[in-house]
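Each remark here refers to the structure printed beneath this line.
The values are calculated or read from the model by the stated rules, or taken from the named source; none is laboratory data. In this text, all values refer to a predicted model and were calculated from it rather than measured experimentally. Quick reminder, even Gly has a Cβ in these numbers, built from the backbone with ideal geometry, and neighbours come from all protein chains shown. Just the protein is used for accessible areas: all its heavy atoms, side chains included, with ligands, DNA and RNA removed. Shrake-Rupley method; radii C 1.70, N 1.55, O 1.52, S 1.80 Å.
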Amino acid sequence: QGRFNINNLVQDGKTSPEDLIRFQRLLKILDLSPTLAQVVIDWIDTDTEPQAPDGAEDNTYLLQPPAYRTANTYLSSPTELRLLAGFDQDTYQKLLPYICTLPTHTLINVNTAPLPILRAIVEGLNEVDAKRLITDRENKPFETTQAFLIHDALAGLKVDAKSISVASDYFFFTAQVEIDKARAQLSSILYRSPEQVIVIMRSQELPDYRN
């Protein structure tokens, strides 16, 4: 939850204006076109009208070889972005470390968010002050959102307190097994509820047989 949840862009079938602004800010920080946010929204929402002026609905993808349609639902994996208009390999790789695709609306954990995410959620936050936040939280994690909001690096800046948290409910777990010259990897997204830990998704890499 230190990453931006792409699925936050659409809530109850409609664009979330606040999350759209944060995502566009992240794209700019990464030197990517902010118009990509409209493409993502069109992939998730259920209507057939492209976001103006740079969205992409079915008509864009039906012209591809092979033809396909928009999903009209939440992304289940960040890899889906490679299907979207404008998301070439370089764009995808630039964005990948800072996004996730969780099944519910999530808050951003300011104790684990990397520098570009901190700058994306705080308009006007420069790189120097973002680094100060990271250094200070490494020495002492923020125990409350208020402790984050009153940090002097944020003086005079506006932060949506409803969009941030100091803890996470979702976690990414990777397990690797090596037997002789073979290696396999299993990745899981886990949800921690008050009663139990639930597996949301699992993916397995094919065994790597090394010489």
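In plain terms, the C-alpha convex hull of region 12-117 casts an average shadow of 6.8 nm² when viewed from every direction. With θ taken as phi - 60° and the Karplus curve 6.51 cos²θ - 1.76 cosθ + 1.60 applied, the whole-hertz 3J(HN,Hα) list for region 51-64 is 4, 7, x, 10, x, 8, 10, 3, 4, 5, 8, 5, 8, 7 Hz, x standing for glycine and proline. Summarising the amide proton neighbourhood of Ile108: residues at separation of 5 or more, or on other chains, whose placed amide H is nearer than 5 Å comprise Ile164, Ser165. Using a probe of 1.4 angstrom and keeping all protein chains present, the accessible surface of the chain works out to 58 square angstrom per residue. Between Pro34, Pro141, Pro53, the GNM of the chain built on Cα springs shorter than 10 angstrom shows Pro53 fluctuating the most. Result for the chain in a Gaussian network model with C-alpha springs under 10 Å: among Thr104, Thr174, Thr145, the largest mean-square fluctuation is at Thr174. Assuming charge only on the beta carbon of Lys and Arg (+1) and of Asp and Glu (-1), the dipole of region 149-206 about its Cα centre is about 100 debye to the nearest 20. Around the amide H of Thr70, modelled in the peptide plane, lie the amide H atoms of Asp58, all under 5 Å away and 5 or more residues distant in sequence or on another chain. How much of the calculated P(r) for region 78-170 lies past 22 Å, in percent of all Cα pairs? Percent of Cα pairs beyond 22 Å in region 78-170: 35. Taking amide H as placed 1.01 Å from N in the peptide plane, Leu102 has its amide H under 5 Å from the amide H of Ile6, Asn7, each at least 5 places away in sequence or on another chain. What you get for region 107-169, charging only the Cβ of Lys and Arg (+1) and of Asp and Glu (-1), is a dipole of about 40 debye around the Cα centre. Along region 128-134 the Karplus relation, 6.51 cos²θ - 1.76 cosθ + 1.60 evaluated at θ = phi - 60°, assigns HN-Hα couplings of 5, 5, 5, 5, 5, 4, 5 Hz to successive residues, with x for each Gly and Pro. Using the Karplus relation 6.51 cos²θ - 1.76 cosθ + 1.60 with θ = phi - 60°, the per-residue 3J(HN,Hα) values for region 34-45 come to x, 5, 4, 4, 5, 5, 5, 4, 5, 5, 8, 5 Hz, with x marking Gly and Pro. Annotation: peptides 178-184, 188-194, ranked by per-residue average of other Cβ atoms within 10 Å with the highest first, follow the order 188-194, 178-184. Note on the chain: GNM, Cα springs under 10 Å; of Leu63, Leu26, Leu95, the largest mean-square fluctuation is that of Leu63. Each Lys and Arg adds +1 at its Cβ and each Asp and Glu adds -1 at its Cβ; summed about the Cα centre, the chain shows a dipole of about 560 debye.
Probe 1.4 Å, all protein chains in place: accessible area of Phe142 in Å², nearest 10? Only protein atoms counted, so the area is about 20 Å².
Dividing the convex hull volume of the alpha-carbon atoms in region 127-211 by its residue count gives 182 Å³ per residue.
Spread over its residues, the convex hull of the C-alpha atoms of region 63-117 is 95 Å³ per residue. As a fraction of the 1.4 Å probe accessible area of the chain, surface on carbon and sulfur atoms comes out at 52 percent. All alpha carbon pair distances within the chain were sorted into 5 Å bins beginning at 0; the resulting P(r) in whole percents reads 1, 7, 13, 17, 17, 15, 13, 9, 5, 2, 1, 0.
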